[in-house]
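Some notes on the structure that comes next.
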Amino acid sequence: MSPVLANVVLDELDWALERQGHRFARYADDCNIFVKSKRAGERLMHNVTRYLRDSLLTVNANKSAVDRPRNRKFLGFTVSKGDARIKVADKAIDKLKDTIRELTRRTRGHRLIDIVQELKTALTGWKAYFGIAEVMSPLREIDKWVRRRLRCYAWKQWGSAGYRELRKRGVRVREAWNTSKSAHGPWRLSKTPALNLALPAKLFRQMGLPELARARAA
């Protein structure tokens, strides 16, 4: 009921902001109002706080501020510095990475294809919401990181059969031998040329893994 009640009570605030010609975005009780200067922002913050107080509402001082748009987030989004393009907020990316870490834990014991299908569900839903983002560089980094997590998972599963699996996937004898006999752990090896060749991005796409930075079909 909270969002519904917030919309009922704050509808009049929307009208007041519109009458004054302000540009703003509000979802339930979360609202960003855009002005041209810090002074204008401070004046508006004072007026809105007083307006809501008269309506028996309070502004959360810990979550509210007069600041540049790039320093604030709204519904998981922020804007980039300079060109003010829509960008996924760091907190939303961190939350997604926590989900990916859980799905790609090396001790799960599931088949790689099953892990990819679980990732497909999570990433497709995430992309459907955050797909309006215009800054792609953080999403490209996540795509690369997800593939590395999967290579790490596969290498752990292969265990003592690592050399045979690399050779079966086209890795040369010397490179497959050096990789399989390396003292480094799975995470470090997941970035090696051998694992990249054996488990390329194309393979994961064929398995159904979506790419966050890949443009959606029109």
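The values are calculated or read from the model by the stated rules, or taken from the named source; none is laboratory data. Source: prediction; values computed, not measured. Please note: Cβ atoms are built from the backbone with ideal geometry, for glycine as well, and neighbour counts cover all protein chains shown. With ligands, DNA and RNA removed, areas are computed over all heavy atoms of the protein, side chains included. Shrake-Rupley method; radii C 1.70, N 1.55, O 1.52, S 1.80 Å.
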**OP:** Pop the C-beta distance of D94 and Q117 into the FRET formula with R0 = 25 Å and round what comes out to the nearest 0.05.
**Re:** 0.55
Subject >> Contact order relative to length of the stretch 52-187, as percent, for alpha carbon pairs under 8 angstrom and 6 or more apart >> reply: 19 percent
**OP:** Could you state the accessible area per residue of the stretch 81-218 in Å², with a 1.4 Å probe and every protein chain left in place?
**Re:** 60 Å²
Subject >> Cα-based helix-to-principal-axis angle, 137-158 vs the chain, degrees rounded to 10 >> reply: 30 degrees
Subject >> Spin-label model distance (nm) - L5 vs Y27, 7 Å beyond Cα toward Cβ >> reply: 2.1 nm
Original post:
Over the stretch 34-76, what lengths in whole Å, largest first, do the semi-axes of the equivalent ellipsoid take, defined as the square roots of 5 times the eigenvalues of the alpha-carbon gyration tensor?
Top reply: 19, 14, 7
**OP:** Just the number, please: carbon plus sulfur as a percent of the accessible area of the stretch 1-149, 1.4 Å probe, no ligands or DNA/RNA counted.
**Re:** 51 percent
Subject >> Among A154, A16, A194: highest mean-square fluctuation, GNM of the chain, C-alpha pairs under 10 Å >> reply: A16
**OP:** Averaged over every viewing direction, what's the projected area of the C-alpha convex hull for the stretch 72-218? Give it in nm², one decimal, please.
**Re:** 10.1 nm²
Original post:
What size of dipole, in debye to the nearest 20, comes out for the stretch 78-159 about its Cα centre when the only charges are +1 on Lys and Arg C-beta atoms and -1 on Asp and Glu C-beta atoms?
Top reply: 360 debye
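Rounded to the nearest 20 debye, what is the charge dipole size of the stretch 1-117 about its Cα centre when +1 sits on each Lys and Arg Cβ and -1 on each Asp and Glu Cβ?
Working: 25 positive and 15 negative charges, 149 e Å.
With only Lys, Arg, Asp and Glu charged at Cβ, the dipole is about 720 debye.
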**OP:** Rounded to the nearest 500, what is the 222 nm mean residue ellipticity of the chain from helices alone, with -39500 (n - 2.57) per DSSP H run of 4+ residues and division by all residues?
**Re:** -17500 deg cm²/dmol
**OP:** Rounding to the nearest 20 debye, state how big the charge dipole of the chain is about its Cα centre with +1 on each Lys and Arg Cβ and -1 on each Asp and Glu Cβ.
**Re:** 1560 debye
Original post:
Taking the chain as a Gaussian network, Cα atoms linked when under 10 Å apart, which of F24, F204, F130 shows the biggest mean-square fluctuation?
Top reply: F24
Subject >> Label-point separation, E12 to R106 (7 Å along Cα→Cβ), nm >> reply: 6.1 nm
Original post:
How many nm separate the modelled label positions at V59 and V135, each set 7 Å beyond the Cα in the direction of the Cβ?
Top reply: 2.5 nm
Original post:
Which residues in the stretch 32-55 have a backbone N closer than 11 Å to a point placed 7 Å from the Cα of N71 along the Cα-to-Cβ line?
Top reply: 38
Original post:
For the stretch 173-181, what does the Karplus curve 6.51 cos²θ - 1.76 cosθ + 1.60, with θ = phi - 60°, yield as ³J(HN,Hα) per residue in whole Hz, taken in order and with x for Gly and Pro?
Top reply: 3, 4, 5, 5, 5, 4, 5, 5, 9
